[in-house]
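I have placed the structure first, in the form of structure tokens, so that the comments after it can refer back to it.
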């Protein structure tokens, strides 16, 4: 793959909490128009890695090169507006409608988008029936879809997702898969932490295993049910 296609390049990233190393000397790349998956048990460091990219965690050492600029530890904050994210459970002002949630995100990030793009995102995630409903009245699955819409409503170059299929019924899962395909077709770089390998494996063969402080590339051929159960134990979901 040509270097010009690499949007995210993590080099020698190490992160610890209270002298406990969580991630050690991580190397990772993700290209434009590519989905890269992070597999690992709860507590392995997947969310820590995503939060570090967003400068929600400060690194002990390492670089996070985004579009040729090191954004580690809050550097070059202007690049943050080009990153969309859904990390852990989405939170919203309880009195906001779905429309207000998205409009606030677009305004806050200072990004230009089009009504046609927002309509497309709404259609893909089936938001039209809840567009003017207060988010506090929504189900868990509906809130997850709104969180995804908020993450992508600014047309980000890089999208970070932490267990994006949590709380979704099978139809909603397929809607999210269709959304991810749409974004990949528009050259978005996507990094996803997930347990649900089976649902995402058709979108990519670019996977990393997060285990024992390390982030190692793994091939689809090695991700048999037996191996995945060995990696995850009772956390694995087929």
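The values are calculated or read from the model by the stated rules, or taken from the named source; none is laboratory data. Keep in mind that this is a model prediction, so the values were computed, not measured. Here Cβ is always computed from backbone atoms with ideal geometry, including for glycine, and neighbour counts include all displayed protein chains.
Out of 141, 84, 110, which single residue is closer than 20 Å to residue 185 by Cβ and either touching a helix residue (DSSP H, G or I) at 6+ places or on another chain (Cβ under 8 Å) or without any contact (Cβ under 8 Å) to a residue 24 or more places away in the chain (or both)? If you could, list the steps in order and put the result at the bottom.
Numbers: 141 fails: closer than 20 Å to residue 185 by Cβ; 110 fails: closer than 20 Å to residue 185 by Cβ.
Residue meeting the stated conditions: 84.
I'd like the full set of residues that are under 20 Å from residue 6 (Cβ atoms) and free of Cβ contacts under 8 Å to residues at least 12 places away in the same chain, limited to the stretch 27-74.
68, 69, 70
Being part of a strand (DSSP E or B), surrounded by fewer than 14 Cβ atoms within 10 Å (Cβ to Cβ), at negative phi and in contact with a strand residue (DSSP E or B) (Cβ under 9 Å, 6 or more places away or on another chain): is that true of residue 21 here? Working first, answer last.
Working: part of a strand (DSSP E or B): yes; surrounded by fewer than 14 Cβ atoms within 10 Å (Cβ to Cβ): yes; at negative phi: yes; in contact with a strand residue (DSSP E or B) (Cβ under 9 Å, 6 or more places away or on another chain): yes.
Judged against the criteria, residue 21 is a match.
Taking the stretch 28-55 only, how many residues are in a strand (DSSP E or B) and touching a helix residue (DSSP H, G or I) at 6+ places or on another chain (Cβ under 7 Å)? If you could, list the steps in order and put the result at the bottom.
Initial filter on the stretch 28-55 (in a strand (DSSP E or B)): 28-31, 35-39.
Retained after the next criterion (residues that are touching a helix residue (DSSP H, G or I) at 6+ places or on another chain (Cβ under 7 Å)): 31, 35, 37-39.
The number of residues fulfilling the criteria is 5.
Scan the stretch 199-222 and give yes if some residue there is within 28 Å of residue 129 (Cβ to Cβ) and either at pLDDT 95 or above or out of contact with any helix residue (DSSP H, G or I) (no Cβ under 9 Å at 6 or more places or on another chain) (or both), otherwise no.
Checked against the condition, which is being within 28 Å of residue 129 (Cβ to Cβ) and either at pLDDT 95 or above or out of contact with any helix residue (DSSP H, G or I) (no Cβ under 9 Å at 6 or more places or on another chain) (or both), the stretch 199-222 yields no hits at all.
Can you pull out every residue in the stretch 81-98 that is surrounded by fewer than 16 Cβ atoms within 10 Å (Cβ to Cβ) and in a helix (DSSP H, G or I)?
First, pick out the residues of the stretch 81-98 that are surrounded by fewer than 16 Cβ atoms within 10 Å (Cβ to Cβ): 81, 88-89, 91, 93-95.
Passing the criteria: only 81.
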